[in-house]
Amino acid sequence: MENQSLTMIDLRDNERIDDLQRNGYKIIQNEKKFCFGMDAVLLSGFAIVKEGEKVLDIGTGTGIIPILLEAKSKGEHFTGIEIQEESADMATRSVRLNGLEEKIDIVCDDINNARSCFQSSSFDVITTNPPYMIGNHGLTGDNREKAIARHEIYCTLEDIVREAAFLLKDKGRFYMVHRPFRMVEIFSVLTKYRLEPKRLKLVHPFVDKEPNMVLIEALKGGNSRLTVEKPLIVYTKPGVYTDEIYDIYGY
């Protein structure tokens, strides 16, 4: 299968094809640039997509979240928007690699241009694994592609939430993975745009360590009521995942 795929899909320098362990799906990544991480996989496990729903993933990178959501749900159609041309190209080729052209579209554009790409209230579900860092906070010597993915260079948290609120249908669901240190800001921005937080799950690397990720579901036009779910623990010991993580990954 992989050899056949390699003859059908052009690979650029330093690119590889990885097995996603779901429906036989694979993804193209560039080991020198930015590969998807656990946060994207956990978001795909946390998000709920119902039969017949239309989904948008903001900042889709190489398309990992739309591909995983298509594999695990009965959603009608999935769209990813990504500002970086190289990542969007990899995502488009991964969609073609998996024969998902009729189910997944990749749009190369800035989320701040979303209103020229999509009509208002056109999605049932929106997901995002956004840049976590503000400005130069935590910025290192990483290459530009990684810097754009990790830092709010081209869009801010408010940009994403504002456009998501515009694009979601009434009572549509918004799913985000982020860092706990920005939770107060996240809740403030969500409620500003009538996206009411409904579910929250903290992710801890180990049971005795503080959380390093937070998964949030918000409902457009929802009432004020938040359910805090039991925390997700990633490792039982160094290098050994918990059963819940193995289940999310599909192993």
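Each value in this text was obtained by applying a stated rule to the coordinates, not by laboratory testing. Remember, it's a predicted structure, so these values are computed and weren't measured experimentally. A quick note on method: Cβ atoms are made from the backbone with ideal geometry, for glycine too, and the neighbour counts reach across all protein chains shown.
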Practice task
Give, rounded to the nearest 20 debye, the magnitude of the charge dipole that the stretch 36-249 has about its Cα centre when Lys and Arg contribute +1 at Cβ and Asp and Glu contribute -1 at Cβ.
Solution key: 680 debye
Fill in the blank from the handout: Dividing the mean separation of Cα pairs under 8 Å (6+ apart) by the residue count of the chain yields a relative contact order in percent of 16 percent
Handout entry: Chain lengthening between THR227 and VAL207 when straightened (0.36 nm per residue, less Cα-Cα)
Key = 5.2 nm
Practice task
Take the chain, connect every pair of alpha-carbon atoms lying under 10 Å apart with a spring to form a Gaussian network, then pick out the residue of THR156, THR227, THR92 with the largest mean-square fluctuation.
Solution key: THR227
Exercise for the section: Quick one: among ILE83, ILE126, ILE134, which has the greatest mean-square fluctuation in a GNM of the chain with alpha-carbon springs under 10 angstrom? Expected result: ILE134
Exercise for the section: Report the one residue of PRO180, ALA164, TYR241 whose Cα lies farthest in the direction of the positive end of the charge dipole of the chain (charges on C-beta: Lys and Arg +1, Asp and Glu -1; origin at the Cα centre). Expected result: PRO180
Problem - Per-residue HN-Hα couplings for the stretch 56-67 [Karplus 6.51, -1.76, 1.60; θ = phi - 60°; Hz; x = Gly/Pro] - result: 10, 10, 8, x, 6, x, 8, x, 4, 5, x, 5
Problem - Computed over the stretch 36-249, the ratio Rg/Rh where both radii use C-alpha atoms and Rh is Kirkwood - result: 0.94
Completion exercise
Most packed first (mean Cβ within 10 Å per residue), the peptides 20-27, 73-80 order as 73-80, 20-27
Handout entry: Helix-only [θ]222 nm of the chain, DSSP H runs n ≥ 4, -39500 (n - 2.57) each, per residue, nearest 500
Key = -8500 deg cm²/dmol
Completion exercise
extent check for the stretch 146-251: Cα max minus min per principal axis, descending, whole Å, gives 42, 34, 26
Problem - Among LEU168, LEU11, LEU69, residue whose mean-square fluctuation peaks in a GNM of the chain (springs only between Cα atoms under 10 Å) - result: LEU11
Completion exercise
For the stretch 215-225, Karplus-derived ³J(HN,Hα) couplings (6.51, -1.76, 1.60; θ = phi - 60°; whole Hz; x for glycine and proline) come out as 10, 10, 10, 10, 10, 5, x, x, 7, 7, 6
